[in-house]
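Asker: Below: one structure in structure tokens.
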Amino acid sequence: MVNPRRTALLLGTALVAGGLALASGPAMAQKKGGSLVYANVSAVGTMDPHVAAAVVDLETIHHVYEGLVEMGEDYRAAPMLASKIDISPDGRTFTFSLRKGVKFANGKEMTAADVIASFERYKKVSPNAPALGDVAGMETPDPYTFVIKLNKPNSLFVEVMKTPTYSFAILPAEQKDKPARDPDLVGIGPYVVSEWARDSHLVLKRNDNYVADESAKGPDGYAGKKTAFLDSIRYNSVPEANTRVAALQTGGADFIGALPGDVAKRLKGRTDISVLSVIPFCQATFISHAKNFTNRSVRQAVSMLIDSEEMMEAAGQVWDRNPSLMFKPSYYFSDVGAAMYDQHSVDKAKALLKAGNYAGQKVVLETNTNYAYMRDSSQVLVEQMKKAGINVELKMVDWTTNVGDLSKGTGGWDMTITGLCSGPLLGPQQWRLSLAFAQNPDDPVVTEGYAKMFATTDAAERKKIWMGIEKYFIEEGYMMKVADIADLRGMNDKFVGIKPYYMQRFWDVWKK
Amino acid sequence: MRMLRRLLLRLGQAIPVILVVAVLAFFLMHLLPGDPAAVIAGPEAGAEAVERIRRQLGLDRSIPEQLLVWLWHLAQGDFGTSIIHNQSVLQALADRMPVTASLTLVAFAMTIPIGIVLGVAAAKFRNTWVDSAVMLMALIGVSVPGFWIAILSVILFSVTLGWLPASGYVPLSEGVWPWLRALIQPAAMLALFQIGFLARMARSATLDVLDQDYIRTARAKGVSEWRTIAKHAFRNTLIPVVTTTGIILSLLMGGSVVIEQVFAMPGVGRLIVQAILTRDYPMVQGTLLALAFLFVAINLMVDIVYTWVDPRVRYD
């Protein structure tokens, strides 16, 4: 399906997507030097890789820190600081051989002592520490070998470790006891922090002690051989979208993030500026509260009312149809959700309401004012629900309230909407936390399903188990997928090597 | 000496006001729904991750306990540490105050002369096209939303004409002209509303004075019209205007919240907006407290200037 909004953008500007190469010819010659200014919607909040979750933080952090494995270009786990990973046949012991000669930004060589100290710190400070809950022990038999032993098999453990959110980055051993959000900014990545004015800007400069992975052919997602061509990268916080666009137009910024589709139109006619469309970036999904919204038939009735096109067009969103809770490039993508996807059928909804003996009980739909696609999709759904005869109350709050209510199940909502990003991209291991949004983390379908998935080393079997979990969440009406949505970014074409990727990276990017 | 004692007394009287502001700020923030731990954990984190952060930040304690801990630290001069930025609140304020102070003072420097001149001119040329034009401008100034006019201004002066930077702040240490150039546009947008407000006030005050007997006497003695206004009317016009300027200074600081957001200026206004959005309790509470101090100080300054403008007013 061709999205009219995307078409409009294509006509107006040079739109770069799907890994399309940029300029070619003599201008492609790689050279060091120059600086890039990146204006994004908010400022870097923390540079602690073990606790950071906001995309703005993570984009910066992954220029400064590296982990044993990182997500590759295809979003699968790829070795970074590990040169080799051996997994025991029982799926319980993981032996990481470390690359030799890798240095921290302070010049100290990284050894297994730093790795084990980083994992110890992670267990203490990271919100994602439960990911290491099954670790029975960690060992460093020699300075270049790190071994993790698990209590029970987990065939996805290496995939767990690639997460960019709550990164398993390696810090110097001296940082082991540093509290959350307060480590010294010493990493292994191609850049180092040279200036940081909180809530304003952060400047990275090239890490002269960086040791690239020469065994790799070139950059591979967040892994591979990285080369810092730019002398410095400045991250500016510019909350207002119009101002970000103005900064790009006037040379105050070279790259801008979180570009609303309607505002992007102002870049039409500029031959020196491109709009980069990263799709899929997140997915818009309505979520039902399992403990509050207990009538299965009513949940399913609401599912039948979702109208992807109307919702996304109302929000002016660049989007794509996808019935799956996984993005299309993912190995776990399937069409198990197709039967309930984008039905926009008031008749089907009414039939389900009748079957469920719906007697006008109120359904509270919570949404937020900050994200247009969440707000507008909710407003469209509310009208559809009213048409079907559902007594619905739209509760509009700000994003902070919404995300808190979603995580904790508070606020008295029956349904809400959110944007799920890394789970659909990185696999079931990443999805696990988000499944708990439905407020039934102890649901045996989830707990037993995940236990089986982790236990099997057969990839096809894992996919089958995941499809079972996904089907259950969709058919029960716990997750109501709307669409995959894009993240638009604007860039000045004087920079070469910028490719669409989930989170922006500026290594192997140079100035013409 | 008496005046100094009086000033100290006024400062002392401000303490309970500030204390009430502190407690109110604390309760208002905690009454707001939303959880900073959820912001830190990120949108894809579950309840367990959020709870873990709540414990790390001490947010799992009861509200009265959190209030007492905060007041105890406050009594020792510790405004707390930002939950989101992990930075001392006082340090954060110290870093951002030069931006807001610069913006406010440049806007103030634009507001006062322009507002007064326009107001006096409108009064002098009462019921002429000058009066109508000034009042129309004033009406537009006070009616147009600052946010909207600021975006239009950026499109015109930055994008189309390329005269001024679209966003950002340049510290004074990098040169007076770069500093001023970055401030002209945001300060003008900030001043717009206040110029309209002050022009109406100055017009009204001037009209009142121009009707007084001593002005009629001056005119009867043959003193030129401009000399009558400049020497006899203007100083008396200033009395209500001085009171207004204190309010204007406070309003300019308040208005910086919107302007700093639009022009991406890392000042106190943007700090407080972001802190409210992310429920950064210590930052909001500390910033409100500091602003309360500042407003008390501005009012005190206005009182002092008042005694200079109007010798009839004395603290003794």
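The values are calculated or read from the model by the stated rules, or taken from the named source; none is laboratory data. As the structure is a computational prediction, the values presented were derived from the model and not from experiment. Reconstructed Cβ throughout: ideal geometry from the backbone, glycine too, with neighbour counts over all protein chains shown. Heads up: the accessible areas ignore ligands, DNA and RNA and are worked out on the full protein's heavy atoms, side chains in. Shrake-Rupley method; radii C 1.70, N 1.55, O 1.52, S 1.80 Å.
Asker: Please work out which one of (1) in contact with an Asp or Glu (Cβ under 9 Å, 6 or more places away or on another chain); (2) charged (D, E, K, R); (3) surrounded by fewer than 19 Cβ atoms within 10 Å (Cβ to Cβ) is the condition B:ASP213 fails and give its number.
Answerer: (1)
Asker: Evaluate the stretch A:393-403: report whether one residue or more is at pLDDT below 90, within 11 Å of chain B (Cβ to nearest Cβ), under 29 Å from A:LYS452 (Cα atoms) and part of a helix (DSSP H, G or I).
Answerer: No, there is no match, as no residue in the stretch A:393-403 is at pLDDT below 90, within 11 Å of chain B (Cβ to nearest Cβ), under 29 Å from A:LYS452 (Cα atoms) and part of a helix (DSSP H, G or I).
Asker: Might you check whether a residue that is of a type outside the set (Phe, Trp, Tyr), in the same structural domain as A:GLU476 (by TED's automatic domain parsing), buried (at least 20 other Cβ atoms within 10 Å of the Cβ) and out of contact with any helix residue (DSSP H, G or I) (no Cβ under 6 Å at 6 or more places or on another chain) occurs anywhere in the stretch A:337-358?
Answerer: Scanning the stretch A:337-358 turns up no residue that is of a type outside the set (Phe, Trp, Tyr), in the same structural domain as A:GLU476 (by TED's automatic domain parsing), buried (at least 20 other Cβ atoms within 10 Å of the Cβ) and out of contact with any helix residue (DSSP H, G or I) (no Cβ under 6 Å at 6 or more places or on another chain).
Asker: Moving on. Of all residues in the stretch A:417-455 being among the aliphatic types (A, V, I, L, M) and outside any helix (DSSP H, G or I), which is farthest from A:LYS152 (Cα to Cα)?
Answerer: Looking at residues that are among the aliphatic types (A, V, I, L, M) and outside any helix (DSSP H, G or I), I get A:ILE417.
Asker: Further question on the same structure: Evaluate the following for A:VAL211: is it modelled with pLDDT of 95 or more, part of a strand (DSSP E or B), more than 11 Å from chain B (Cβ to nearest Cβ) and open to solvent by 20 Å² or more (accessible area, probe 1.4 Å)?
Answerer: When the stated conditions are applied, A:VAL211 does not pass them.
Asker: Which residue, of A:LEU171, A:LEU202, is within 12 Å of chain B (Cβ to nearest Cβ), open to solvent by less than 10 Å² (accessible area, probe 1.4 Å) and modelled with pLDDT of 95 or more?
Answerer: Unique residue meeting the criteria: A:LEU202.
Asker: Return only the number of the condition from (1) on the phi > 0 side of the Ramachandran plot; (2) modelled with pLDDT of 90 or more; (3) open to solvent by 50 Å² or more (accessible area, probe 1.4 Å) that A:GLY224 does not satisfy.
Answerer: All conditions are met except number (3).
Asker: OK, next. Just checking, how many residues over the stretch B:152-183 are within 20 Å of the chain's Cα centre (by Cα), in a helix (DSSP H, G or I) and within 12 Å of chain A (Cβ to nearest Cβ)?
Answerer: So the answer is 1.
Asker: Look through the stretch A:189-199, keep the residues that are farther than 30 Å from A:GLU159 by Cα and in a loop (DSSP other than H, G, I, E, B), and return whichever of them is least open to solvent (accessible area, probe 1.4 Å).
Answerer: My answer is A:ASP199.
Asker: Does the stretch A:298-317 contain at least one residue that is more than 17 Å from A:TYR341 (Cα to Cα), surrounded by 22 or more Cβ atoms within 10 Å (Cβ to Cβ) and not hydroxyl-bearing (Ser, Thr, Tyr)?
Answerer: So far as the stretch A:298-317 goes, yes, one or more of its residues are more than 17 Å from A:TYR341 (Cα to Cα), surrounded by 22 or more Cβ atoms within 10 Å (Cβ to Cβ) and not hydroxyl-bearing (Ser, Thr, Tyr).
Asker: While we're looking at this one, here's another question. Across the stretch A:409-464, which residue is nearest to the other protein chains (Cβ to nearest Cβ) among those that are open to solvent by 60 Å² or more (accessible area, probe 1.4 Å), closer than 22 Å to A:ASN322 by Cβ and modelled with pLDDT under 90?
Answerer: A:LEU433
Asker: Let me ask something else about it. Are any residues in the stretch A:472-507 over 28 Å from A:ALA372 (Cα atoms) and open to solvent by 20 Å² or more (accessible area, probe 1.4 Å), and if so, which ones?
Answerer: A:TYR472, A:ASP493, A:LYS494, A:GLY497
Asker: Moving to a separate point now. Return the total of residues in the stretch A:132-168 being under 13 Å from A:PHE96 (Cβ atoms) and open to solvent by 40 Å² or more (accessible area, probe 1.4 Å).
Answerer: Of the residues in the stretch A:132-168, 7 are under 13 Å from A:PHE96 (Cβ atoms) and open to solvent by 40 Å² or more (accessible area, probe 1.4 Å).
Asker: Of (1) crowded, with 23+ Cβ neighbours inside 10 Å; (2) touching a helix residue (DSSP H, G or I) at 6+ places or on another chain (Cβ under 6 Å), A:PRO260 satisfies all except one. Which?
Answerer: Against the list (1) crowded, with 23+ Cβ neighbours inside 10 Å; (2) touching a helix residue (DSSP H, G or I) at 6+ places or on another chain (Cβ under 6 Å), A:PRO260 comes up short only on (1).
Asker: Quick check on my filter: what residues within the stretch A:214-253 are closer than 14 Å to A:HIS201 by Cβ and assigned to a loop (DSSP other than H, G, I, E, B)?
Answerer: A:VAL238, A:PRO239, A:GLY252, A:ALA253
Asker: In addition: Mind listing whichever residues of the stretch B:24-57 are at the interface with another protein chain (Cβ under 7 Å from one of its Cβ atoms) and open to solvent by less than 10 Å² (accessible area, probe 1.4 Å)?
Answerer: Matches in the stretch B:24-57: B:ASP35, B:ALA38, B:ALA41, B:GLY42, B:ALA45, B:GLY46, B:ALA49, B:VAL50, B:ILE53.
Asker: Then there's this: What number of residues in the stretch B:261-297 are open to solvent by less than 10 Å² (accessible area, probe 1.4 Å) and assigned to a helix (DSSP H, G or I)?
Answerer: Final tally of qualifying residues: 12.
Asker: Considering only the stretch B:79-94, how many residues are within 22 Å of B:PHE295 (Cβ to Cβ) and without any contact (Cβ under 8 Å) to a residue 60 or more places away in the chain?
Answerer: Qualifying residue count, the stretch B:79-94: 2.
Asker: Any idea which residue in the stretch B:58-67 is farthest from the other protein chains (Cβ to nearest Cβ), counting only those that are open to solvent by less than 50 Å² (accessible area, probe 1.4 Å) and part of a helix (DSSP H, G or I)?
Answerer: B:LEU67
Asker: Condition (residue is hydrophobic (A, V, I, L, M, F, W, C), open to solvent by 40 Å² or more (accessible area, probe 1.4 Å), in contact with a helix residue (DSSP H, G or I) (Cβ under 9 Å, 6 or more places away or on another chain) and within 24 Å of B:MET201 (Cα to Cα)) applied to the stretch B:236-246: is it met by at least one residue?
Answerer: There is no residue in the stretch B:236-246 that is hydrophobic (A, V, I, L, M, F, W, C), open to solvent by 40 Å² or more (accessible area, probe 1.4 Å), in contact with a helix residue (DSSP H, G or I) (Cβ under 9 Å, 6 or more places away or on another chain) and within 24 Å of B:MET201 (Cα to Cα).
Asker: Which members of the stretch A:237-254 meet the condition of being more than 7 Å from chain B (Cβ to nearest Cβ) and either touching a Cys at 6+ places or on another chain (Cβ under 7 Å) or surrounded by fewer than 24 Cβ atoms within 10 Å (Cβ to Cβ) (or both)?
Answerer: Answer for the stretch A:237-254, where residues must be more than 7 Å from chain B (Cβ to nearest Cβ) and either touching a Cys at 6+ places or on another chain (Cβ under 7 Å) or surrounded by fewer than 24 Cβ atoms within 10 Å (Cβ to Cβ) (or both): A:ALA241, A:GLY251.
Asker: While we're here: Taking the condition of being outside any strand (DSSP E or B) and more than 13 Å from chain B (Cβ to nearest Cβ), how many residues in the stretch A:269-289 meet it?
Answerer: Number of matching residues: 2.
Asker: Within 14 Å of another protein chain (Cβ to nearest Cβ), modelled with pLDDT of 95 or more and touching a Ser or Thr at 6+ places or on another chain (Cβ under 8 Å) - does that describe any residue in the stretch A:132-149?
Answerer: no
Let's see how each residue does on (1) in contact with a Phe, Trp or Tyr (Cβ under 6 Å, 6 or more places away or on another chain); (2) among the acidic types (Asp, Glu); (3) within 14 Å of another protein chain (Cβ to nearest Cβ); (4) touching a residue at least 12 places away in the same chain (Cβ under 8 Å):
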| residue | (1), (2), (3), (4) |
| --- | --- |
| A:ALA77 | no, no, no, yes |
| A:LEU81 | no, no, no, yes |
| A:ILE87 | yes, no, no, yes |
| A:ASP90 | no, yes, no, yes |
| A:PHE96 | yes, no, no, yes |
